[in-house]
Amino acid sequence: MLKISLLAKDNNSKPKSLDEGAKSLSESNGVTSERIHLAEEANGLSMMQTLIHLLKCNIGTGLLGLPLAMKNAGLLVGPFSLLAIGILTVHCMVILLNCAQHLSQRLQKTFVNYGEAMMYSLETCPNAWLRTHSVWGRYTVSFLLIITQLGFCSVYFMFMADNLQQMVEEVHVTSKTCEPRKILVLTPSVDIRFYMLTILPFLILLVFIQNLRVLSIFSTLANITTLGSMALIFQYIMQEIPDPRNLPLMASWKTFLLFFGTAIFTFEGVGMVLPLKNQMKHPQQFSFVLYWGMSLVIVLYICLGTLGYMKFGSNTQASITLNLPNCWLYQSVKLMYSIGIFFTYALQFHVPAEIIIPFVISQVSESWVLFADLSVRTALVCLTCVSAILIPRLDLVISLVGSVSSSALALIIPPFLELITFYPEDMNCTTIVKDIMISILGLLGATPVSETFVNRKYTSSPGPNSSTLSQP
């Protein structure tokens, strides 16, 4: 089974230092990547397959938090801001693709990934210090990818536990008639942390599956359950929408920052654009797929976020599934989406695993490779579980992950990459100013949201005061 790692590995060598390890990985990566590319060229992805993967990369738990994001921005400001962020994110994806293609042609390589693009561009930039420390560009991108993907996994833990707790605790009051949700004053019989720990061993077993063909079966199942749950969600929120004139058109600046973090978090597929293009049968068609696919994604985001906020108003929860009626039909929505998220966990987890595990197993003898591999996987899953337990506020975690790591990968690094890649070739002033402004926007959005996350008061441990059980 062929695998494309974000950091290529050479298991037959043991680097003495991190820098030496990076050099050996970089040298082996060119040969390995080109062999993989040639081997997969005949069986590359079609346009439709690439489109499906692109849609799946961008449709996760962040989508369900968009109604609350609209509440944090305002009924008028929210949709227009989400459209602007979507257009900006797609533009940065195009920048990343152009830089990677330019570097591939310059270095006569078949293709380069995100981390390699940063490293190779720094190696040829005018600044001597940056050229000397170019490998740290790759380290930085890899670190941000790890933080982002593990952040997604932690949110998945919270999402599944929230919905599982609600389904179990409300089973005795679930009815066959689907009436609007009323306030439920229920004291949870089991702490939400119990549900997280219950899910933990199953996720550990799931991430032990390293065969991507087997994971693709789970990916298909996740797509089916997600599609079914989204159809039911739209079917409900489009019925009997209250008069939206009472909703604020613009929210406060502090809550808008939370909207920014959630919006950036929702565009989860930034790190996947290069791998998808590289695996296409006809890579030159990827631009059309990207524009078409992301247009569908942006329309879906705006429709769900706006309609969800209009439907539930001030009672909008961190996840729209927590606003659905307490009947068996819409309880099945939570179940289907949770199943989809459960299987998607392994796919999101695959990214940090492919970055961390090759380096770890290069430090041990061959007889300990399997043990080290499984131990790292177990430790990383436990880390996401502990993070979910320590920070039980789903909406704040989404905003933090989105504003810091996702913002860096989506808005800050691509413009910087374009500057250092094309600056020696006489960039025009308009492009330079544009790139600087996009990077500054990403920085401005990241810093205040991080402070808001730290300073905002929230329940330190889940329990009876959790929004899971006391909802309108």
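The values are calculated or read from the model by the stated rules, or taken from the named source; none is laboratory data. What you see is a predicted model, and the numbers here were worked out from it, not measured in a lab. Counting neighbours? That spans all protein chains shown, and the Cβs are built from the backbone with ideal geometry, glycine included. Quick note on the areas: whole protein, heavy atoms, side chains included, nothing else; ligands and nucleic acids left out. Shrake-Rupley method; radii C 1.70, N 1.55, O 1.52, S 1.80 Å.
Odds and ends about this structure:
- Label-point gap, in nm, between Phe208 and Glu240 - each point 7 angstrom along Cα→Cβ: 4.9
- Legend: residues Met250, Met310, Met48, sorted from most to least accessible area (1.4 Å probe; ligands, DNA and RNA excluded), read Met250, Met48, Met310.
- Rounded accessible area of His102 (nearest 10 Å², 1.4 Å probe): 40
- Per residue value of the accessible surface for region 196-272 (all protein chains in place, 1.4 Å probe), Å²: 52
- Heavy-atom SASA rank of Trp328, Trp253 (probe 1.4 Å, accessible area, largest first): Trp253, Trp328
- When Asp191, Asp162 are compared by accessible area of protein heavy atoms, the largest-first order is Asp191, Asp162, using a 1.4 Å probe.
- Normalised Debye scattering of region 276-359 at q = 0.24 Å⁻¹ gives log10 I(q)/I(0) of -1.14, counting only Cα atoms as equal scatterers and leaving out solvent.
- Where region 307-389 is the region considered: accessible area per residue in Å², 1.4 Å probe: 34
- Under a 5 Å amide H cut-off, with hydrogens placed 1.01 Å from N, Met280 pairs with Leu45 among residues at least 5 apart or on other chains.
- The convex hull around the C-alpha trace of region 43-163, projected and averaged over every direction, spans 10.9 square nanometres.
- Heavy atoms of Trp292 accessible to a 1.4 Å probe, total area in Å² rounded to 10: 130
- Gain in span if fully extended, His91 to Phe288, counting 0.36 nm per residue against the direct Cα distance: 69.6 nm
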